Amino acid sequence: VYSMTLVIGELCKRGEVDKGKGLLDEMVGRGVKPNEFTYNTFVDAFVKKLDFVGVKKILSEMEKNGVSLNVATYTLLIEGYGSSGKIEEAERLFEEMQGKGIEGDVHVYTTMISWLCKSGNLKSAFTLFDELVERGLVPNAHTYGALINGLCKAGQMEAAETLLNEMQTKGINLNRVIFNTLMDGYCKQGRIDEAWRLQSVMEKKGLQPDVFVYNIIATGLCKLNQHEEAKRCLLSMVDRDVAPNTVTYTTLIDLYCKEGNFVEAKRILREMENKGQNPNTVTYNALIDGHCKKGRMKEAHKLRNEMESKGLVPDVYTYTSLIHGECIFGRIDEALKLFHEMPAKNLVRNVVTYSALISGLSKDGRSDEAFRLYDEMIEAGLTPD
RNA sequence: ACGAAUCAUAGCGCCCA
């Protein structure tokens, strides 16, 4: 079982989940009983693909074979629901785990805390943090990182710095991730000066800037409308032997799209593919949104087909951009069609999606439908901001 | 032998013009 699990794990990591599944079936056929580690490998693979049908299949197989979920399985499931926007479901699983008497560990607490933070529920995150400490568990850099990130995203930089001090008091090593998190927080506040300050603190500790740092600073510059500086920052990476990644290229593509320079955007798309940094859903979303905003809807839909042909799955951002684009040009019925496609694709419509469509409807004089949609949004448990 | 923290993409409003 031990070695089989390793092999299956390797296959799944390479994306050959089907081959792994074949091996699993072969295992069972030969009377080797897979254990929770074996199954978790599959849960991991399906969760990363956001394939919940696949996840459910594995879970029922586990049940059938009398293998129970362990704390790592729950961590994976919570991660999966969190990343697809189903935070209540994630919380429900966390409680289910505790109800079954499975001891939560630092990993699962950190995962839950992270997703609570990401959904803007800092209060619950800190409550959970207290619970973790009360239970005698020791929070580590990941746990603090999750909370610091939450505070940074909420713009609470002083509170984030307080946690940073708390880490130091507790003797937890301040690593790259922690610094990068704070730098990003300051950049999002438009305080690049503070980001530079942290960067020099990092250098004093012997931490050279990595690709994250460049990406963070460049995005900060973009937000301050310093596009040329942002481009220079990203292009300077190469001179300093830092390899650009998908995020770097996507940032550039987004920049060019917003300038309406689709030729350059396309060129970068080809360049990244040539360098083996594959475009992902976000990359295409940037392209699609750029085209939508310039009324190039035909091209936008073409890009959407192109992404799907590469096995990339459109997400809420893709749909919202398309819906918004159709609305701008008065093709509300096209927008509605897209809107209704979403649930079947397992996409959770959020406030942004609804408001794009609601504003489209009302600008088109279809206020009855707009109000109806508004009510539907409230019923879906969404709060307008 | 399994699992956790940092970067890129969407709407409305506000401000400015």
Worksheet item: Which net charge results for the neighbourhood of A:A370, defined as the other residues with beta-carbon distances under 11 angstrom from its beta-carbon, given Lys and Arg at +1 and Asp and Glu at -1?
Response: -2
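Summing +1 for each Lys or Arg and -1 for each Asp or Glu, what net charge is found among the other residues whose Cβ lies under 13 Å from the Cβ of A:A45? All intermediate terms of the calculation are to be shown ahead of the outcome.
On the way: positive: A:K13, A:R14, A:K19, A:K21, A:K48, A:K49, A:K57; negative: A:E10, A:E16, A:D18, A:D44, A:D51, A:E79.
So the surrounding residues net to +1.
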Discussion item. No solvent, one uniform scatterer per C-alpha: report log10 I(q)/I(0) for chain A via the Debye equation at q = 0.06, 0.10 1/Å, two decimals.
Written reply: -0.28, -0.83
Worksheet, complete the sentence: For the range A:3-131 the mean separation of alpha carbon contacts under 8 Å (6+ apart) over residue count, i.e. relative contact order in percent, is 17 percent
Worksheet item: Taking N as the number of residues in the range A:106-255, what is its alpha-carbon radius of gyration divided by 2.2 N^0.38 Å?
Response: 1.10
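Is there a quick way to get the dipole size of chain A? I mean about its Cα centre, with the Cβ of Lys and Arg at +1 and of Asp and Glu at -1; what is the value in debye to the nearest 20?
Details: 48 positive and 54 negative charges, 197 e Å.
Roughly 940 debye, rounded to the nearest 20.
So how do A:F339, A:F37 line up by other beta-carbon neighbours within 10 Å, fewest first? Mind dumping the intermediate values first?
Values: A:F339 22, A:F37 18.
Going from sparsest to densest Cβ surroundings: A:F37, A:F339.
For the range A:18-105, with only Lys/Arg (+1) and Asp/Glu (-1) charged at the beta-carbon, what is the dipole magnitude about the Cα centre, in debye rounded to 20?
Numbers: 12 positive and 16 negative charges, 84 e Å.
Approximately 400 debye in magnitude.
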Worksheet entry | Dimensions in Å of the range A:288-328 - Rg and Dmax from alpha carbons | 9.5, 29
Discussion item. If packing is taken as the average count of other Cβ atoms within 10 Å, what order do A:211-217, A:130-136, A:10-16 fall into, highest mean first?
Written reply: A:211-217, A:10-16, A:130-136
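Where Rh is the Kirkwood radius over the Cα pairs of the range A:173-289, the temperature 10 °C and the viscosity 1.306 mPa s, what D in µm²/s does Stokes-Einstein return?
Estimated diffusion coefficient is 108 µm²/s.
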Worksheet entry | Percent breakdown of C-alpha pair distances by 5 Å bin, ordered from the shortest bin, for the range A:91-162 | 3, 17, 29, 26, 15, 6, 3, 1
Discussion item. To check my understanding: the extent here is largest minus smallest coordinate of the Cα atoms along each principal axis. What are those three numbers for the range A:201-264, in Å, largest first?
Written reply: 41, 23, 16
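How long is the gain from A:E96 to A:D241 if the chain were fully straight, where each residue apart is worth 0.36 nm and the alpha carbon distance is subtracted?
On the way: separation 145, 0.36 × 145 = 52.20 nm, distance 4.76 nm.
This chain segment gains 47.4 nm when fully extended.
Under the 0.36 nm per residue contour assumption, what length would be gained going from the current alpha-carbon distance of A:D364 and A:K205 to full extension? Don't skip to the answer; put the middle values down first.
Working: separation 159, 0.36 × 159 = 57.24 nm, distance 5.78 nm.
Length gained between A:D364 and A:K205: 51.5 nm.
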Worksheet item: Over 18 Å between Cα atoms, which of A:K21/A:K310; A:K188/A:K294; A:K86/A:K118; A:K49/A:K118; A:K49/A:K345; A:K231/A:K302 qualify?
Response: A:K21/A:K310; A:K188/A:K294; A:K49/A:K118; A:K231/A:K302
Discussion item. Whole percent per 5 Å bin, from 0 to the bin with the longest distance: what is P(r) over all C-alpha pairs of the range A:51-119?
Written reply: 4, 17, 29, 25, 18, 6, 1, 0
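For chain A, what does the helix formula give at 222 nm: sum of -39500 (n - 2.57) over DSSP H segments with n ≥ 4, over the residue count, nearest 500 deg cm²/dmol? Walk me through the numbers before you get to the answer.
Working: 22 runs with 282 residues, N = 385.
So the helix-based figure for chain A works out to -23000 deg cm²/dmol.
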Worksheet entry | Simple spin-label estimate for A:K13 and A:N165 in nanometres, 7 Å along Cα-Cβ | 4.2 nm
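Report, as a whole number in µm² per second, the diffusion coefficient that Stokes-Einstein gives for the range A:1-101 at 25 °C and 0.890 mPa s using the Kirkwood radius over alpha carbon pairs.
178 µm²/s
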Worksheet item: When only Cα pairs under 8 Å and 6 or more residues apart are kept, what is the percent relative contact order across the range A:230-289?
Response: 35 percent
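Give me the Å³ per residue figure for the convex hull around the C-alpha atoms of the range A:259-385.
On the way: hull volume 14.5 nm³, N = 127.
Per-residue hull volume (Cα only) is 114 Å³.
Over chain A, what relative contact order in percent results from Cα pairs under 8 Å that are six or more residues apart? Display every interim value, and only then the final one.
Working: 443 pairs, mean separation 25.3, N = 385.
Once divided by the residue count of chain A, the mean separation gives 7 percent.
Just so you know, all these numbers are worked out from the coordinates, no wet-lab data involved. As the structure is a prediction and not an experimental result, all values here were calculated from the model. Every residue, glycine among them, receives a Cβ derived from its backbone with ideal geometry; neighbour counts consider all protein chains shown.
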